[in-house]
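Peer 1: Please see the structure below; I have some questions.
The values are calculated or read from the model by the stated rules, or taken from the named source; none is laboratory data. Values in this document were obtained by computation on a predicted structure and should not be read as measured data. Here the Cβ positions follow ideal geometry from the backbone for every residue, glycine too, while neighbour counts run over all protein chains shown. Protein only, heavy atoms only, side chains kept; ligands, DNA and RNA dropped before computing areas. Shrake-Rupley method; radii C 1.70, N 1.55, O 1.52, S 1.80 Å.
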Amino acid sequence: MDAIFHEKQPSGNMDDSGFFSIQVISNALRVWGLELMLFNSREYQRLMIDPINEKAFICNYKEHWFTVRKLGQQWFNLNSLLTGPELISDTYLALFLAQLQQEGYSIFVIRGNLPDCEAEQILGIMRVQQQQRPKLIGEDEAQGSSGQR
């Protein structure tokens, strides 16, 4: 009976929408030998690491998480609210992260060796050129419906 009661109690670590707390994400990454460090913490700022020398960032704002990750020698915004990955240049990365902070995002640096993935292998031998930036999902529909009057 206690187990049934416990299961029905809301958790601060996860909700019905699929949102996970930073503690859950941190523990999941620890399984892979990875650690999170708050990007704007004194501890991280003392390290004076140029963001382009990192491998990945996890960003959060109002229960939405997304990753900015280096694959090969290029950075990508992997926000699921976009129609696809967005290529970010090395020179724009620091500005992009600063803009996110200005907008109220919490940014965490992922420290450690990320597991190998096929995208990393492919982009390690070739570079991508993005002809058109991805749009926010639904942006085309919103522009189309507002222009049809």
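Peer 1: Could you run through the stretch 94-115 and say how many residues are of a type in the set (A, V, I, L, M, F, W, C) and more than 13 Å from the chain's Cα centre (by Cα)?
Peer 2: Adding up the residues that qualify gives 4.
Peer 1: Something else: Within the stretch 1-48, which residues are among the charged types (D, E, K, R), more than 27 Å from Glu103 (Cα to Cα) and at pLDDT 85 or above?
Peer 2: Hit for the stretch 1-48 is Arg30, nothing else.
Peer 1: Only strands (runs of 3 or more DSSP E) wholly contained in the stretch 36-136 count here; list those with 1 or more residues that are in contact with an Asp or Glu (Cβ under 6 Å, 6 or more places away or on another chain) and open to solvent by 40 Å² or more (accessible area, probe 1.4 Å).
Peer 2: The qualifying strands (runs of 3 or more DSSP E) are 106-111.
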